Amino acid sequence: MKFKLRPEDAPFISSSGSLEYIMLPPAKLVSVFGEPEIGDEFKVSGAYTFDTYNGGIITLYDWKTTTLYASESHVTPEELWASEKYFELNIGGDDVGKRVIDEFIDWIKTRLSNSVDFILRED
């Protein structure tokens, strides 16, 4: 597998700020990868960290989207991560992970679109 969700107990590795943005439904991320890691509880309410096949890391997180940052006209962290609406999420990474950001974007879109919660059949 090209990208793998980093275990919660893995050592922290810093990644740089936003490299790219992607529109995704946060609830779909939760259904596929579980609850996000707790962010800084100010500008970031939650994040996912992925190990890359080339030895780097990539982070996927919200940025200044929730009431943690601005109480007016923003959703709560709980509303964000339960939402089926598309939100802009940021993608960051370390120097090695940065090299495969485009591949990560393709992978995460495919991963989410291939994850089916249920199948309806007509008999």
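We did not get these values from a lab; they are worked out from the coordinates using the rules stated. Keep in mind the model is a prediction, meaning the values are calculated, not measured. FYI the Cβ positions are ideal-geometry reconstructions off the backbone, even for glycines, and counts take in every protein chain you see.
Brief remarks follow.
- Gyration tensor (alpha-carbon) shape descriptor, the chain, a/c threshold 1.5: oblate
- For L19, net neighbour charge (Lys/Arg +1, Asp/Glu -1) across residues whose Cβ lies under 12 Å away: -2
- Whole-Å distance, taken between Cα centres, linking segment 74-116 and segment 16-37: 3 Å
- Gyration tensor (alpha-carbon) shape descriptor, segment 29-92, a/c threshold 1.5: prolate
- In the chain, helices alone account for a calculated mean residue ellipticity at 222 nm of -6000 deg cm²/dmol, with every DSSP H run of four or more residues adding -39,500 (n - 2.57).
- Choice from L19, L80, L29 with maximal GNM fluctuation in the chain (Cα, 10 Å cutoff): L19
- Within the chain, longest stretch clear of exposed GluC sites (Glu not before Pro) (DSSP loop, no more than 16 other Cβ within 10 Å): 85-121
- Fraction of beta bridges assigned by DSSP in the chain that are antiparallel (%, nearest 5): 95 percent
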